[in-house]
Ligand code: SF4
């Protein structure tokens with residue numbers, strides 16, 4: 001996993017509540033080999049017309065947003081399907097963080113497993129941020145994980161919460177699996193006392 | 001062991017029984033009783049392979065292909081697209097190599113993973129069940145704690161049989177009263193989502209309770225819990241009762257003999273204690289419910305079929321107004337149009353929400369003696385090979401075929417189209433599935449969610465229809 005420590009980058013506004021993971025990557029790309037990269041599939045049907053030409057109205061197609069590394073969504077961002085391909089597509093394009101008032105639960109977990117930082121900020125702050133980003137495309141946002149702070153284009157700073165262990169994994173680029181495997185004796189002990197009564 | 005703090009919710013009882021250890025940050029390592037996998041699991045097996053890890057508990061893992069299989073053939077070799085064929089082939093190879101029980105395309109037990117689990121008796125009260133698919137909430141209908149996970153989490157469960165979780169909050173949705181005629185579990189859950197919103201239960205586990213829920217069949221409860229994720233919930237649950245026990249008794253993987261009696265003893269202690277506290281409570285009156293259809297691009301955009309396409313102009317909230325405009329534009333609908341005048345092109349009776357035998361019976365009851373409208377192409381995709389066989393034994397296939405329906409093989413099919421079966425751009429589909437997102441049934445496709453009986457009614461009239469008007473024989 002790529003470590004995440006801090007980031008200062010342009011942020012892409014997605015001004016729609018309940019934006020679902022089907023919009024982040026449509027189902028027809030789910031069988032695509034990850035090795036091929038999923039950047040082209042990201043926001044596919046919002047970004048490209050059926051003939052493959054760019055839809056100029058979609059923000060990612062505007063020059064100021066092309067180098068965005070942070071996506072900013074509204075309430076319940078990335079709800080719906082559990083497809084981790086949504087995070088992979090974001091990461092393959094270059095996104096390293098997502099800011100929203102709230103996230104789909106599974107998406108949030110998937111982000112943490114892939115070195116993408118989910119940042120929940122108060123709804124009013126996010127609404128203001130989206131307006132700023134729309135008014136001044138390319139405006140930059142800074143995220144510092146050690147201090148758990150976000151600095152917005154207006155200079156305001158906001159603290160965000162993250163589980164300490166998830167923070168540790170992100171900062172060091174290590175994943176949970178290695179840690180769990182180090183606890184395998186505990187799992188075996190549980191299995192012994194638990195028995196096999198259910199299945 | 002310290003005594004459990006009493007009184008407890010059903011969720012808390014199951015959670016504490018599966019706790020392996022806690023991390024200082026409050027995350028809990030939970031033991032997984034049953035792990036269901038499908039043909040999207042190739043990347044997870046790849047992780048194991050690259051790290052040289054075996055599957056820890058193959059006997060607790062069960063596999064069936066559903067997302068990429070075609071519903072007009074049972075031959076993997078006939079899947080023309082090599083990527084999709086590869087997804088099915090890899091599932092079969094990976095599970096065979098790991099010694100995991102598989103229900104393949106040559107096996108009548110194959111089907112949609114969330115249909116197969118309960119049907120085989122794998123989904124049991126009190127267990128913790130996971131699957132790399134958001135509709136895993138389905139299995140909570142038997143009184144299990146069941147939730148969807150991502151691909152990396154699937155690899156974690158394969159390797160360790162455990163999963164890290166932060167304890168979610170609890171939400172009790174009590175629905176009392178008697179459901180009116182024509183109102184099914186699908187209408188109940190669409191009503192719930194319309195009321196609490198698609199983020200209404202985020203970070204919560206829902207327990208459904210009340211007399212209207214107790215009165216639902218097992219199939220109905222599975223439909224109800226299936227769509228909990230559409231309200232944002234981590235999981236949905238219904239306390240096990242005689243309906244549950246009758247359903248599970250004699251199923252292939254359910255306990256037998258003395259083990260069955262012992263299990264019953266445990267299961268009867270599972271329901272939430274009378275004084276248990278929930279973090280949130282919602283109470284609804286089931287007797288006021290009506291058959292529902294969706295008009296927009298989120299499951300919360302649901303309304304009684306007797307209503308009209310809503311007017312964004314009448315919505316005071318600017319953000320909601322904009323969302324409604326966008327949805328109606330995509331759906332090609334004009335505000336004020338009576339919902340039962342909306343013409344349709346396709347009908348899909350299927351998906352893990354509504355493709356069980358009871359769903360097919362309800363649809364066949366409406367279809368019997370009628371014809372699919374000339375302009376409509378209608379499909380029935382049974383949820384499993386066993387359901388298909390049962391329906392054929394009851395003659396349901398002949399009713400559907402005589403009416404002009406396609407009677408197909410089991411799989412996810414038109415629910416999301418990963419197998420290539422899609423609705424054409426601009427076409428409108430009356431669907432018993434669970435998501436009406438933009439492009440869900442294919443790029444540009446327009447989805448209206450409803451119950452199987454309502455979808456059958458739409459098929460024979462060619463437009464969205466109040467099934468109560470057709471419930472007498474033609
Ligand atoms: S039927 Fe649809 S919702 Fe259910 S598992 Fe298949 S694709 Fe997912």
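Observations
- All told, residue B:263 meets the bar of being crowded, with 20+ Cβ neighbours inside 10 Å and farther than 23 Å from residue B:441 by Cβ.
- Verdict on residue B:426 being within 13 Å of the ligand (Cβ to nearest atom), in a loop (DSSP other than H, G, I, E, B), out of contact with any helix residue (DSSP H, G or I) (no Cβ under 7 Å at 6 or more places or on another chain) and within 14 Å of another protein chain (Cβ to nearest Cβ): no
- Filtered residue count, the stretch B:35-57, keeping only those that are over 21 Å from residue A:33 (Cα atoms) and away from the ligand (no atom under 16 Å from the Cβ): 5
- Counting the residues of the stretch B:358-386 that are surrounded by fewer than 24 Cβ atoms within 10 Å (Cβ to Cβ), within 16 Å of the ligand (Cβ to nearest atom) and over 18 Å from residue B:465 (Cα atoms) gives 1.
- When the stretch B:405-417 is limited to residues that are over 17 Å from the mean Cα position of the chain (by Cα) and part of a loop (DSSP other than H, G, I, E, B), the one that is farthest from the ligand (Cβ to nearest atom) turns out to be B:405.
- For the stretch B:37-54, a residue qualifies if it is surrounded by fewer than 22 Cβ atoms within 10 Å (Cβ to Cβ) and in a loop (DSSP other than H, G, I, E, B), and the qualifying residues are B:52, B:53, B:54.
- Members of the stretch A:58-111 that are within 12 Å of another protein chain (Cβ to nearest Cβ), away from the ligand (no atom under 16 Å from the Cβ), touching a strand residue (DSSP E or B) at 6+ places or on another chain (Cβ under 7 Å) and part of a helix (DSSP H, G or I): A:108, A:111
- Filtered residues of the stretch B:219-243 (kept if under 16 Å from residue B:126 (Cα atoms) and out of contact with any strand residue (DSSP E or B) (no Cβ under 8 Å at 6 or more places or on another chain)): B:222, B:240, B:241, B:242, B:243
- With respect to the stated conditions, residue B:404 is in contact with a strand residue (DSSP E or B) (Cβ under 8 Å, 6 or more places away or on another chain) and farther than 30 Å from residue B:83 by Cα.
- Strands (runs of 3 or more DSSP E) contained in the stretch B:124-223 and holding at least 2 residues within 13 Å of chain A (Cβ to nearest Cβ): B:128-131, B:145-148, B:162-165, B:204-209
- Selected residue (criterion: nearest to residue B:433 (Cα to Cα)) from residues of the stretch B:289-322 that are within 11 Å of chain A (Cβ to nearest Cβ) and at pLDDT 95 or above: B:299
- Some residue of the stretch A:133-145 being buried (at least 24 other Cβ atoms within 10 Å of the Cβ), touching a strand residue (DSSP E or B) at 6+ places or on another chain (Cβ under 9 Å) and either farther than 28 Å from residue B:226 by Cα or away from chain B (no Cβ under 14 Å) (or both): yes
- Residue list for the stretch A:42-54, restricted to those being within 13 Å of another protein chain (Cβ to nearest Cβ), touching a strand residue (DSSP E or B) at 6+ places or on another chain (Cβ under 9 Å) and surrounded by fewer than 18 Cβ atoms within 10 Å (Cβ to Cβ): A:47, A:48
- Residue within the stretch B:91-112 that is under 21 Å from the mean Cα position of the chain (by Cα), within 14 Å of the ligand (Cβ to nearest atom), within 12 Å of residue B:37 (Cα to Cα) and within 12 Å of another protein chain (Cβ to nearest Cβ) present: no
- Of residues in the stretch A:119-132 being in contact (Cβ under 8 Å) with a residue 40 or more places away in the chain and outside any helix (DSSP H, G or I), the one surrounded by the fewest Cβ atoms within 10 Å (Cβ to Cβ): A:120
- Filter result for the condition that a residue is in contact with a strand residue (DSSP E or B) (Cβ under 8 Å, 6 or more places away or on another chain), closer than 19 Å to residue B:69 by Cβ and surrounded by 24 or more Cβ atoms within 10 Å (Cβ to Cβ), over B:116, B:130: B:116
- Residues in the stretch B:339-357 that are touching a strand residue (DSSP E or B) at 6+ places or on another chain (Cβ under 6 Å) and either within 14 Å of chain A (Cβ to nearest Cβ) or within 13 Å of the ligand (Cβ to nearest atom) (or both): B:348, B:349.
- All of (1) over 18 Å from residue A:139 (Cβ atoms); (2) within 13 Å of chain B (Cβ to nearest Cβ); (3) within 15 Å of the chain's Cα centre (by Cα) hold for residue A:27 with one exception: (3).
- For the stretch B:58-75, a residue qualifies if it is surrounded by fewer than 22 Cβ atoms within 10 Å (Cβ to Cβ) and more than 15 Å from the ligand (Cβ to nearest atom), and the qualifying residues are B:58, B:59, B:72, B:73, B:74, B:75.
The values are calculated or read from the model by the stated rules, or taken from the named source; none is laboratory data. Computed from a prediction, not measured in an experiment: that's the story for all the values here. Please note: Cβ atoms are built from the backbone with ideal geometry, for glycine as well, and neighbour counts cover all protein chains shown.
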